[in-house]
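J.: Input: one structure, supplied below.
What follows is calculated from the coordinates using simple rules that are stated; it is not laboratory data. Bear in mind that the values here come from a model prediction, so they are computed numbers and not experimental data. Cβ sites come from the backbone with ideal geometry, for glycine too, and all protein chains shown count toward neighbours.
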Amino acid sequence: MKTLKQFLEAIEIDTIMTRIIMIGGPGSGKSTYSKYISKHFNIPHIYTGDMMRELQKTNPEVAKIMDSGNLVPIKYVMKALQDRLDKPDTEKGYILDGFPRNSEQLSIMKKENINYDYVVFLDVSEKEVIKRLSARGRKDDKPEIIKNRIGVYEKETGPVLRQLEKDSSDDINKTFLKIKAEGADPEDIADKIIKGIENENI
């Protein structure tokens, strides 16, 4: 007969969660790799940017804020995120793409008990980011503008990244994966991420 501890451990093994925070600067490939991982683990790719664009269509206040180029208040982001996480397809896990973006979002995420098992940090050099984004040919993808976006990312998301790495080292149930996301085909980099996650599940 199993002890209570053995019973609970068996349940935990049967219900391994794959809840991922995908984090990286502009041009690091967060959405690209999230799609590969989503398909492999059969978990939803949740991108708050898309959520806000959908909300923009139905919420006049959000539309006004976004049309003026300002950031959507955290209350709208969290409400949309919580509603999405409550859907049944998240029961085995999910990928949060680009969230949390700043320390305020991370703090509220913890307060609301939105949990994660893996942090995947896509490490890409500034030179490679400029090369990738400049190749798109958009008006706002000029080197000086890209450098400014990288600076904003480092200021806002840098502290989040460091905190997530610390939290992962302090918690045996959390894993921080640093992935060099350049110098190889996207499929190979995605495979490296997937193997990193699966090896931690063994």
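J.: Any of Lys87/Lys195; Lys79/Lys166; Lys111/Lys139 with alpha carbons more than 30 Å apart? Name them for me.
T.: Flagged as over cut-off: Lys111/Lys139.
J.: Okay, moving on. Between Asp89 and Asn199, what length in nm is gained on full extension when 0.36 nm per residue of separation is reduced by their alpha carbon distance?
T.: Additional length available on full extension: 37.2 nm.
J.: Here's something else I'd like to know. Which one, Asp141, Asp97, Asp123, has the greatest fluctuation when you compute a Gaussian network model over the chain with C-alpha springs under 10 angstrom?
T.: Taking springs between Cα atoms under 10 Å, the residue moving most is Asp141.
J.: Still on this structure: Sort 155-161, 69-75 by packing, meaning the average of other beta carbons within 10 Å per residue, with the highest value first.
T.: 155-161, 69-75
J.: May I pose another question? Please report Rg over Rh for the chain, where both radii come from the alpha carbon positions and Rh follows the Kirkwood definition.
T.: That ratio equals 0.99.
J.: Would you mind calculating the relative contact order of the stretch 4-201 from Cα pairs under 8 angstrom and at least 6 residues apart, reporting the percent as a whole number?
T.: Computed value for the stretch 4-201: 31 percent relative contact order.
J.: Comparing Ile16, Ile189, Ile150, which has the greatest mean-square fluctuation in the GNM of the chain with Cα pairs linked when under 10 Å apart?
T.: Ile16
J.: Right, something else. Would you mind computing, in nm to one decimal, how far apart the modelled labels at Asn102 and Ala63 are, each placed 7 Å from Cα along Cα→Cβ?
T.: Computed distance between label sites Asn102 and Ala63 equals 2.6 nm.
J.: Fully extended, how many nm does the chain gain between Asp171 and Ile74 (0.36 nm per residue separation, minus their Cα-Cα distance)?
T.: 32.2 nm
J.: Quick one: Karplus J couplings for the stretch 28-35, per residue in order, coefficients 6.51, -1.76, 1.60, θ = phi - 60°, nearest Hz, x for Gly and Pro?
T.: Result, ordered by residue: 7, x, 3, 5, 4, 6, 4, 5 Hz.
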